[in-house]
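The next block holds one structure in the form of structure tokens; read it before the comments.
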Amino acid sequence: MSITILKGTVISAPALGKLEVVEHGFLVAEDGRVSGVFPVLPDRFAGAPVEDFGDALILQSLADLHLHAPQYPILGFGMDLPLLDWLNTYTFPNEARFADLEYAREIYRQLARELIENGTTRVCMFSSLHRQATLILMEELERAGVTGYVGKVNMDRNGIPALQETTGESMSETLLWLEACQDFRYVKPILTPRFTPSCTNELMEFLGKLGMERNLPVQSHLSENEKEIQWVKELHPDCTQYWETYAKYGLWNDRTLMAHCVWSDRRERQAMKDAGVTVVHCADSNQNLCSGTAPVRVMLDEGLQVALGSDMAGGAQLNLFDVTAAAIRASKARRIQDGWETGFLTVAEGWYLGTSAGAAFFGAEPGFSPGNSLHALVLDDHSLPGPLTPAERLERCLYRRQKQPILAVWSEGRKVFEVK
Ligand code: GUN
Ligand code: FE
């Protein structure tokens, strides 16, 4: 039996809006699974080695439930365009470069490392349409200690010549990819129709059947931008709303992630709630691409499942601390717009979305619940003035980026990063 004992000020998010704090506490994991958080080390662990981080914060690591790996090279520029123009001008030509496997290896190795250094240990990620580059991405994530789902993107229409498959290619490459990725331990496949305008009905039908037959999760985009929504209406005149274009092919269930949902009205939101679809709120991206401001507070009040995504490179921040702060700010923008009786996201709620809510998609219970596999980080904020309460310290870390504050990271029970 291997025992991990971390000592510090342990903060976790056991429920939406709630922070649990154990100052100078012990976070214990046995064989990579959390046993509990204790103010005093129980006798049964006496004699086991303790990693003492003093007064540093010990937190859950973060979950980024929507990002595009091949957009890493275009992170942070080219955003003076709305979604559809941005896709054609920047995104598609750059994703096309991932036909080059050496390039893919170099970029994906760097990306995986940067995710871990920023405390992101769980992801749901889009690759490009390239099967081999997708396998390289999965290898590099696994090597670095990032866990979660990766999807080979399906797109058989409305791409550019350098970035589009035929329907037949998209199907056969998807099957080959699924076969080739069976041996990964921590990184699993997720079906990834890019969005309705990128996929013919024939391809959508194939993916829906495949998902049901093999019990695979699904990720895509929904109601991000008004022009996109209008386009989907033209492509599917039989559907009243965007979500129906996924639902009619069986791509709509409790293992489905839908990014953005900025313009989803009450009916579309109800359809997500009824099916158990998770909304991935990508506030930084939505602002950068002038997509709009998703009503995240309303979604939570209505009982939808909501997690956070960087949407790199629509989002310019890979660091989920920044993404969480952006989500909080977006909720306040809605409050300014919709009226002061409207609620917003508190810091504790934002932190829950970035950690426990994302982890729930992978079957984890909220916070450091016993039985969860250990996903944790150590955050050192001693370079900033104090004294503050632990909750205030967490808030300041969300809003104020410091230089290299993350000292160590655990993912699926394994230490995957440490500042030496
Ligand atoms: N919709 C279809 N593809 C994309 C993409 O790459 N990024 C974003 N933000 N939206 C999309
Ligand atoms: Fe996206």
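The values are calculated or read from the model by the stated rules, or taken from the named source; none is laboratory data. No experiment lies behind these values; they were computed from the predicted model shown. Every residue, glycine as well, gets a Cβ built from its backbone with ideal geometry; the counts of neighbours run over all protein chains shown. Only protein heavy atoms, including side chains, enter the accessible area calculation; ligands, DNA and RNA are left aside. Shrake-Rupley method; radii C 1.70, N 1.55, O 1.52, S 1.80 Å.
Probe 1.4 Å, all protein chains in place: accessible area of Cys290 in Å², nearest 10?
110
Please report Rg over Rh for the range 180-335, where both radii come from the alpha carbon positions and Rh follows the Kirkwood definition.
Numbers: Rg = 15.5 Å, Rh = 16.0 Å.
Radius of gyration relative to Kirkwood radius: 0.96.
What's the extension gain from Glu213 to Val21 if we count 0.36 nm per residue and subtract their Cα-Cα distance?
Between Glu213 and Val21, full extension yields 64.8 nm more.
Would you mind telling me which residue in Leu135, Leu101, Leu353 has the biggest mean-square fluctuation in a Gaussian network model of the chain, where springs connect alpha carbons within a distance under 10 angstrom?
Checking each option, the largest mean-square fluctuation is seen for Leu101.
What dipole magnitude, in Debye to the nearest 20, does the range 66-192 give about its Cα centre under +1 on Lys/Arg Cβ and -1 on Asp/Glu Cβ? It would help to have the intermediate numbers written out before the result.
Values: 11 positive and 17 negative charges, 66 e Å.
Value, rounded to 20: 320 debye.
Please compute the length gained on full extension between Lys233 and Gln270, using 0.36 nm multiplied by the number of residues separating them and subtracting their Cα-Cα distance. Present the calculation step by step, with values, prior to reporting the outcome.
Numbers: separation 37, 0.36 × 37 = 13.32 nm, distance 1.93 nm.
Gain on stretching Lys233 to Gln270: 11.4 nm.
Percent of Cα-Cα pairs per 10 Å bin, from 0 to the last occupied bin, for the chain, please list those.
5, 23, 33, 25, 11, 3, 0
Springs between alpha-carbon pairs under 10 angstrom, Gaussian network model over the chain: which of Leu129, Leu257, Leu398 fluctuates most?
Leu398
Computing the accessible area with a 1.4 Å probe over protein heavy atoms, can you report the carbon and sulfur percentage for the chain? Could you put the intermediate results ahead of the total?
Numbers: 8110 of 16500 Å².
Carbon with sulfur: 49 percent of the solvent-accessible area.
Considering every Cα-Cα pair within the range 201-265, what fraction, in whole percent, is farther apart than 15 Å? Can you show the working numbers first?
Working: 1059 of 2080 pairs.
I get 51 percent for the Cα pairs in the range 201-265 exceeding 15 Å.
Once you wrap a convex hull around the alpha carbon atoms of the range 65-155, what is its projected area averaged over all directions, in nm²? Don't skip to the answer; put the middle values down first.
Values: hull surface 22.4 nm².
Averaging across all directions leaves 5.6 nm² for the Cα convex hull.
Show me, for the range 393-398, the HN-Hα J-couplings you get by feeding each phi into the Karplus relation (A = 6.51, B = -1.76, C = 1.60, θ = phi - 60°), rounded to Hz, glycine and proline as x.
Using θ = phi - 60°, the values come out as 5, 4, 4, 5, 5, 5 Hz.
Rounding to the nearest 20 debye, state how big the charge dipole of the range 290-415 is about its Cα centre with +1 on each Lys and Arg Cβ and -1 on each Asp and Glu Cβ. Walk me through the numbers before you get to the answer.
Numbers: 12 positive and 13 negative charges, 86 e Å.
The calculation lands at about 420 debye.
Report the accessible area of Lys227, computed with a 1.4 Å probe over the heavy atoms of all protein chains in place, in Å² rounded to the nearest 10.
150
Specify the residue with the greatest mean-square fluctuation among Ala112, Ala162, Ala360, computed from a Gaussian network of the chain linking alpha-carbon atoms under 10 Å apart.
Largest GNM mean-square fluctuation: Ala162.
If you line up the long axis of helix 201-214 against the longest principal axis of the chain, both from Cα atoms, how many degrees apart are they, to the nearest 10?
40
Students often get this wrong: which residues of the range 22-46 have the backbone nitrogen under 19 Å from the point 7 angstrom along Cα-to-C-beta of Thr346?
Residues 22-23 qualify, since their backbone N sits under 19 Å from the label point.
Along the charge dipole of the chain, which of Ala56, Met299, Met125 sits closest to the positive end, that is, farthest toward it, with unit charges on the beta carbon of Lys, Arg, Asp and Glu (+1, +1, -1, -1)?
Towards the positive end, the residue furthest out is Ala56.
Percent of Cα-Cα pairs more than 24 Å apart in the range 291-381, please. Intermediate values should be presented prior to the final figure.
On the way: 998 of 4095 pairs.
Cα-Cα pairs in the range 291-381 separated by more than 24 Å: 24 percent.
Can you pull out the chymotrypsin sites (Phe, Trp or Tyr not before Pro) in the range 1-101 that DSSP calls coil and that have at most 13 other Cβ atoms within 10 Å? Write out the running numbers ahead of the final one.
Values: sites: Phe26, Phe45, Phe53, Phe77, Trp86, Tyr90, Phe98; in loops: Phe77.
Answer by residue number: Phe77.
Per residue of the chain, what 222 nm ellipticity follows from adding -39500 (n - 2.57) for every DSSP H run with n ≥ 4, rounded to the nearest 500? List each step's numbers first, then the result.
Details: 14 runs with 140 residues, N = 420.
Helices in the chain give a 222 nm mean residue ellipticity of -10000 deg cm²/dmol.
For His382, project a label point 7 Å along Cα to C-beta. Then give me every residue of the range 1-39 with its amide nitrogen under 15 Å of that point.
7-9, 24
Show me 306-315, 339-348 ranked by packing, highest mean number of other Cβ atoms within 10 Å first.
Working: 306-315: 29.0, 339-348: 14.9.
Highest-to-lowest ranking by the protection proxy: 306-315, 339-348.
Which semi-axes, in whole Å and largest first, does the equivalent ellipsoid of the range 243-284 have when worked out from the alpha carbon gyration tensor as the square roots of 5 times its eigenvalues?
Numbers: eigenvalues 53, 26, 17 Å².
In descending order, the three semi-axes are 16, 11, 9 Å.
When the dipole is taken about the Cα centre of the chain, and only Lys, Arg (+1) and Asp, Glu (-1) are charged at their Cβ, what size is it in debye, to the nearest 20?
Charge dipole of the chain: 400 debye, to the nearest 20.
Need the C-alpha centroid separation for the range 351-420 versus the range 4-48, integer Å.
Value for the Cα centre distance between the two parts: 13 Å.
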